[in-house]
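Visitor: Have a look at this one.
The values are calculated or read from the model by the stated rules, or taken from the named source; none is laboratory data. Fair warning: this is a prediction, and the values are worked out from it, not measured in the lab. As a convention, Cβ positions derive from the backbone with ideal geometry for all residues, glycine included, and neighbour counts pool all protein chains shown.
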Amino acid sequence: MFPSNILLAITGDMEGWELFKNSLIPMIQGGIRYTIPLTLISFTIGIIIALVTAIMRLSKNKIITLPARIYVSAVRGTPLLVQLFIVFFGLGSIGLTIEPFPSAVIAFSLNVGAYGSEIIRASISSIPKGQWEAAQTIGMNYTQALKRIILPQATRVSIPPLSNTFISLVKDTSLASLILVTELFRKAQEIAARTYDFMLLYIEAALLYWIICFVLSIIQDQIENRLNRYVAR
């Protein structure tokens, strides 16, 4: 009765509750078919980009470092919405047409890559230099030390901020509705355009995003607790 009481207070009659129930399945379908896959694919590609960019940023060679610095600065200095429009509308205007879903993946992956690279770079830099020196004393080169000693430790440090980036990405996928990706929020917009009940449907969409992020927060806590077992006290 609790949800229905809230909806009755918003709409004033039972029609709102019926609309809520009828629109729930289409929104969930939009989340399963587009929002969640878009988040997972973009985050996975973004983390790969982030790792490569972070390693480039840590290089002492300016020829390697400069492109990474420009990329990070450009992405962090421009709105995500503008980046999304450049990929979808901008590239399309010069003859390079990309479908909405791949366009969203490209834009979100590049965005995650830039922000994630700074997280990974800071995590790697937080590892004591003694760890590098210890790896060198047992005959490891830079790549071996990075792979076997430094990155495993940096991973534990980077998990909390990267998890927050992942949760933020779930919410940012709502911007894909502006380039006609029929994800969760786009479904809410389509139904609202037919029924004119914008308040109810947008609250319903917000509730679904909240539930997804709440579940992810619980998973994040579980991962952090598991990793903390291996921290010396």
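Visitor: Look at A74 and say whether it is under 30 Å from L207 (Cα atoms) and among the small types (G, A, S).
Guide: Working: under 30 Å from L207 (Cα atoms): no; among the small types (G, A, S): yes.
It is false that A74 is under 30 Å from L207 (Cα atoms) and among the small types (G, A, S).
Visitor: Looking at L110, is it surrounded by 16 or more Cβ atoms within 10 Å (Cβ to Cβ) and farther than 30 Å from G90 by Cα? Let's see the steps before the verdict.
Guide: Details: surrounded by 16 or more Cβ atoms within 10 Å (Cβ to Cβ): yes; farther than 30 Å from G90 by Cα: no.
Answer is no for this residue.
Visitor: For A134, which of the numbered conditions (1) in a helix (DSSP H, G or I); (2) under 20 Å from S177 (Cβ atoms) fails to hold?
Guide: Evaluating A134 over (1) in a helix (DSSP H, G or I); (2) under 20 Å from S177 (Cβ atoms) leaves (2) as the failure.
Visitor: For L58, only one of the following conditions fails: (1) modelled with pLDDT under 95; (2) touching a helix residue (DSSP H, G or I) at 6+ places or on another chain (Cβ under 9 Å); (3) within 21 Å of A104 (Cα to Cα). What is its number?
Guide: (3)
Visitor: Okay, moving on. With the requirement that a residue be within 18 Å of S163 (Cα to Cα) and among the β-branched types (V, I, T), what does region 32-81 give you?
Guide: Of the residues in region 32-81, the ones within 18 Å of S163 (Cα to Cα) are 35-51, 54.
Residues satisfying the conditions are T35, I36, T39, I41, T44, I45, I47, I48, I49.
Visitor: Of the conditions (1) under 24 Å from F89 (Cβ atoms); (2) more than 27 Å from the chain's Cα centre (by Cα), Q136 satisfies every one except a single condition; which number is it?
Guide: (1)
Visitor: Could you list all residues from region 27-68 that are among the basic types (K, R) and touching a Ser or Thr at 6+ places or on another chain (Cβ under 9 Å)? It would help to see each step written out before you state the result.
Guide: Taking region 27-68 and keeping what is among the basic types (K, R), we get 33, 57, 60, 62.
Within region 27-68, R33, R57 qualify.
Visitor: Scan region 120-158 residue by residue and report those that are surrounded by fewer than 22 Cβ atoms within 10 Å (Cβ to Cβ) and β-branched (V, I, T).
Guide: Result: I124, I127, T137, I138, T143, I149, I150, T155, V157.
Visitor: Over 30 Å from S125 (Cβ atoms) and of a type in the set (V, I, T): is that true of I167 in this structure? Even if it seems obvious, please write down each step before you answer.
Guide: On the way: over 30 Å from S125 (Cβ atoms): no; of a type in the set (V, I, T): yes.
Against the criterion (over 30 Å from S125 (Cβ atoms) and of a type in the set (V, I, T)), I167 does not qualify.
Visitor: Could you identify the single residue in D221, D172 that is among the charged types (D, E, K, R), modelled with pLDDT of 90 or more and in a helix (DSSP H, G or I)? Even if it seems obvious, please write down each step before you answer.
Guide: On the way: D221 fails: modelled with pLDDT of 90 or more.
Only one candidate qualifies: D172.
Visitor: Follow-up question, since we're still on this one. I need the full set of residues from region 120-145 which are under 20 Å from A68 (Cα atoms) and at pLDDT below 85, in order please.
Guide: Those that are under 20 Å from A68 (Cα atoms) and at pLDDT below 85: Y142, T143.
Visitor: Which one of these is without any contact (Cβ under 8 Å) to a residue 12 or more places away in the chain and either in contact with a strand residue (DSSP E or B) (Cβ under 7 Å, 6 or more places away or on another chain) or assigned to a helix (DSSP H, G or I) (or both): I124, I70, I159? Walk me through how you get there before you give the answer.
Guide: Details: I124 fails: without any contact (Cβ under 8 Å) to a residue 12 or more places away in the chain; I159 fails: without any contact (Cβ under 8 Å) to a residue 12 or more places away in the chain.
Answer to the selection: I70.
To keep it simple, each residue is scored yes or no on (1) closer than 10 Å to S117 by Cβ; (2) free of Cβ contacts under 8 Å to residues at least 60 places away in the same chain; (3) surrounded by 13 or more Cβ atoms within 10 Å (Cβ to Cβ).
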{"residue": "W17", "(1), (2), (3)": "no, yes, yes"}
{"residue": "I25", "(1), (2), (3)": "no, yes, no"}
{"residue": "Q29", "(1), (2), (3)": "no, no, yes"}
{"residue": "P37", "(1), (2), (3)": "no, yes, yes"}
{"residue": "P79", "(1), (2), (3)": "no, yes, no"}
{"residue": "V82", "(1), (2), (3)": "no, yes, no"}
